[in-house]
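The values are calculated or read from the model by the stated rules, or taken from the named source; none is laboratory data. Please read these numbers as outputs of a predicted model, since none were measured by experiment. Here the Cβ positions follow ideal geometry from the backbone for every residue, glycine too, while neighbour counts run over all protein chains shown. Areas reflect the complete protein model, heavy atoms only, side chains present, ligands, DNA and RNA absent. Shrake-Rupley method; radii C 1.70, N 1.55, O 1.52, S 1.80 Å.
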Amino acid sequence: MVDNIPEHIAIIMDGNGRWAEKRGIPRFAGHKEGVSTVVSIVKTAIKYKVRVLTLYAFSTENWKRPKPEVDFILKLPKEFLNIYLPELKANHVRIGAIGDMEKLPFHTREALQYAIDSTKENDGLQMNFALNYGGRDEILHAVKAMATDLNDGKISIDKVDNKQFSKYLYTTDLPEPDLLIRTGGEKRLSNFLLWQLAYTEFWFTDVLWPDFSEKEFLRALEDYGKRKRRYGGVDELNEAILS
Ligand code: IPE
Ligand code: IPE
Ligand code: MG
């Protein structure tokens, strides 16, 4: 039994390329296998009543990869949605996206927009794809939008606080992640949710994304359940000693 399920889980799905390289097959095959992991993790998230799941699928830096790999990755959201959207709808999943969508190929944007529009009334798991997403890009985008509103007199400078600023981020009304998972062994953020992860619990595993199983996911949830989040305060025991 897992207690204290995180409301919002963000995942850096890393290790697809190495999974394929280990098998002597093209990196594409790893990305394809990674989609099957997405399917199983979404099912688990629904089962455990996670409210929000945000998946890092393509970063603003991933354009540096060879064009055939980029093209392949950016076709996956459409392929995934073509197959699974009916099932996701049946499970009341609400699809969302964060990142700079303008620069994505039309077919990717179109598939996402259709999924977003046709699930917007759903009240089950909110599943966000982070596509052409970069934390710094998001903050700059927010600063520019806020500066425009300040200039136009739509907001006043003394009203600008964390809450107000957060509204300008791609994650607008989403709660901040409670748990961040990164697979694939690296211990870095790679420009993911820089503002939103301020007090998030981190959980890293060497398991490569295509091998990430429900069992491994549950290990992360169990570990999270034991954590004490203090947000800069003191826990009850310390409080007793101090008083
Ligand atoms: C993560 O797997 C998927 C994306 C970044 C799109 P990688 O492709 O980064 O896999 P590794 O890190 O090279 O193994
Ligand atoms: C992070 O993985 C981005 C995604 C999972 C989409 P990368 O493989 O791009 O990160 P680095 O290059 O190892 O930092
Ligand atoms: Mg990687």
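Relative to the present Cα-Cα distance, how much length would full extension add between VAL70 and ASN91 at 0.36 nm per residue of separation?
Contour length minus the Cα-Cα distance gives 4.5 nm.
Taking the chain as a Gaussian network, where each spring joins two C-alpha atoms under 10 Å apart, which residue of ILE98, ILE139, ILE83 fluctuates the most?
ILE83
Based on the Cβ-Cβ distance of THR148 and GLU7, what FRET efficiency does E = 1/(1 + (r/R0)^6) give at R0 = 30 Å, to the nearest 0.05?
The calculated FRET efficiency here is 0.40.
Per residue, how much accessible area does the range 82-221 show when a 1.4 Å probe rolls over the protein heavy atoms, in square angstrom?
Ligands and nucleic acids excluded, the result is 53 Å² per residue.
Describe numerically, in nm with one decimal, the distance between label points set 7 Å from Cα along Cα→Cβ at ARG136 and at LEU237.
Going by the 7 Å Cα→Cβ label model, 4.1 nm.
For the chain, with all protein chains present and a 1.4 Å probe, just round the carbon and sulfur fraction of the accessible area to a whole percent.
Answer for the chain is 53 percent, counting heavy atoms of protein chains only.
Which residue, VAL52, VAL38, VAL160, tops the fluctuation ranking in a GNM of the chain built on C-alpha contacts under 10 Å?
Greatest mean-square fluctuation among the candidates belongs to VAL160.
Provide the net charge surrounding VAL70, with neighbours chosen by a C-beta distance below 13 Å and charges set as Lys +1, Arg +1, Asp -1, Glu -1.
That sum, taken over residues with Cβ under 13 Å, equals +3.
Based solely on its DSSP helices, what 222 nm [θ] is calculated for the chain when runs of n ≥ 4 H residues each add -39,500 (n - 2.57) and the sum is averaged over all residues, nearest 500 deg cm²/dmol?
Only helices count here, giving -14000 deg cm²/dmol.
Suppose we look only past 29 Å in the calculated P(r) of the chain. What percent of the Cα-Cα pairs does that tail hold?
Cα-Cα pairs in the chain separated by more than 29 Å: 32 percent.
Expressed as a whole percent, how much of the Cα-Cα distance distribution for the range 1-106 exceeds 15 Å?
Within the range 1-106, distances greater than 15 Å cover 69 percent of Cα pairs.
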